[in-house]
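Computed from the coordinates by the stated procedures, all read-outs in this text should not be read as laboratory data. These numbers come from a predicted model, not from an experiment. Here the Cβ positions follow ideal geometry from the backbone for every residue, glycine too, while neighbour counts run over all protein chains shown.
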Amino acid sequence: MTKYTILALGAVASFGLSAPVTGQDFGGGSGGNFGDEVTGGESGDGSSEQGRANRVQVSPYIEVSQIAVAELSPGDDVVTYTQVAAGVDASVTGRNNGGSVSLRYERNIGYGDEALDSDTVTGIARGYASVVPGTLTVDAGGLAARTRVDGNGGATFNALNGDNTETRTYSAYAGPTLSTEAGPVNIDANYRVGYTRIEQPDAIVTAPGAAAIDVFDDSINQSAALRLETPAGRALPVGVGVEAGWDQEDVSNLDQRVRDAYVRADVTVPVTRSLAVVGGIGYEDVEVSSRDAVLDVNGNPVTGDDGRLVTDTSQPRQLAYDVSGLIWDVGVAWRPSARTSLEATIGRRYDSTTYYGNFAWAPNSRSSVNVNAYDTVTGFGSQLNNALANLPTQFAANRNPLTGDFNGCVNGQDGAACLGGAFSSIRSSVFRSRGVGASYQTTVAGLTAGVALGYDNRRFIAGAGTALAAANGVTDESYYGTFFLQGEIDRNSSFSTNAYASLIESDFDLAGDVLAVGASAAYRRNLTSRLSARAAVAVDRIDSDAATEDFTTASALLGLRYDF
């Protein structure tokens, strides 16, 4: 039985208006679902809270639920299990620190079906603390999530309990950020180190006769950047900046390594008070390398007990991608008000034309529009880590109303932000990722509605003559969309609904396409000031070329929740 939830949305973070998007994740992707239950702290951005008195909110809870999952096609199996869960949602805002966390432990108890028995911890955290107020801060974040891997290597949040394609994803990062001045020059610097790991029960086979997917295992990624800038109008009529940066990800699968180093200079030329032309030029060196797998006596790659290829550490590292030389970009920056901003850039990078940018518009305090375009060479770990670092520090986490799993999205002051784009594929191979995501969210008369659409293109990079060579140049494409509506019925009850669709097209042999569609609805009724009753239903369908038969499931939940 299979379940999918899809969303496209993302965030952007960069030192300079025209700085290269080194390791950044502008866009979103499949996997999130911001129309489900919202739990936890308050929506907002920690930066806006600096200068206020400390405020801490902690909201622990326990839940007991009965869940039923019925396979409508091709079979007719029905499974039921009891879920006991405990969690906490917390946030802190203050003059020198801020952050949010949503953490949940659950125990699923099957009836005569050991596959349904499980213990799971899921959660999301993001925060900062000032070491020297206004100058030096330390940022950190973490993620623990259940995901499901489909037949073409794509991953989505919210795996069904007992599903043999379930994986556990963990990611964390931390690092200092320096922001100071020397006369008319702004000085910004940062360093970040992150770790990402995927745990799975066994190798994942795409289709009969196809090779098992070499699923990402774990990686360590590091990044550092230094930028010196004189804003327009301070010392010169134009803004001038120089920047140097370095990114590296070391992936355990076949000792893959992505290394990116650059140096550049850029200029900002004001045209009007709200419009500027930006441009930059520099030098960048990007390398992707790996080792080969151990071969058996017949020359076939050897796989370990976990289904992943075994690295031959006795062999030298082989270059799979080596692009160095001049980089440049030109574009515009438009900021007519505090509610509207646009940055659009075209340039030369990765030995080809590149486009990236973002648009944000808040027509009023209740609505927001976001559009993001991105282009980067990265591994799975770095992309997920960067997406995590780009979340707001003040947020309310979204969880699936049936399973309680974190759905990949949070609601912040500027609308929803998601990690889903990083989960378009969990293959171990490094890739170039390009795409666009767009979202709209509004609140009217106590009702909140939103829609999101997106596209992601991943072109994989692997060394010739290695065990991953077949992946080199192969492309996966994802199209996705979602709609949600939620709100209060009266002072004691609320509801939420969601619908989604996703199409993942893979060029890998026998992997094929995967189409997923579904909808869910949840209802909550307060019985006392702390005790509430919960009910939820969902229908999900997956149509996969890699499977001999398509799947349709229906799920239902009845439960109680006590908030302390």
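Give the dimensionless ratio obtained when the Cα radius of gyration of segment 422-564 is divided by 2.2 N^0.38 Å.
Numbers: Rg = 20.4 Å, N = 143, 2.2 N^0.38 = 14.5 Å.
Here the answer is 1.41, to two decimals.
By per-residue mean of other Cβ atoms within 10 Å, what is the highest-first order of 168-175, 336-343? Write down the numbers at each step before the final one.
Values: 168-175: 19.6, 336-343: 14.0.
Highest to lowest by the protection proxy: 168-175, 336-343.
Could you go through segment 385-393 in sequence order and give the Karplus-derived ³J(HN,Hα) for each residue, using 6.51 cos²θ - 1.76 cosθ + 1.60 with θ = phi - 60°, rounded to whole Hz, and x for Gly and Pro?
Calculated HN-Hα couplings, in order: 4, 5, 4, 5, 5, 8, 5, x, 7 Hz.
Report Rg(Cα)/(2.2 N^0.38 Å) for segment 286-406, keeping two decimals. Please report the intermediate quantities before stating the final value.
Numbers: Rg = 22.0 Å, N = 121, 2.2 N^0.38 = 13.6 Å.
The value comes to 1.62.
Hey, could you pull the Cα Rg and Dmax for segment 241-332, both in Å?
Here Rg and the maximum Cα pair distance are 20.8, 70 Å.
I need to check one value: relative contact order of segment 382-540, counting alpha carbon pairs closer than 8 Å and at least 6 residues apart, in percent.
On the way: 311 pairs, mean separation 21.2, N = 159.
Once divided by the residue count of segment 382-540, the mean separation gives 13 percent.
What's the ranking of 190-196, 139-145, 350-356 by average number of surrounding C-beta atoms within 10 Å, highest first?
Details: 190-196: 19.7, 139-145: 21.3, 350-356: 16.1.
Listed from highest to lowest mean packing, they are 139-145, 190-196, 350-356.
If packing is taken as the average number of other Cβ atoms within 10 Å across a peptide's residues, how do 375-386, 479-490, 242-253, 299-310 rank, most packed first? If you can, show how the numbers build up before the last one.
On the way: 375-386: 27.3, 479-490: 18.4, 242-253: 20.4, 299-310: 14.3.
My ranking of the peptides, most packed first, is 375-386, 242-253, 479-490, 299-310.
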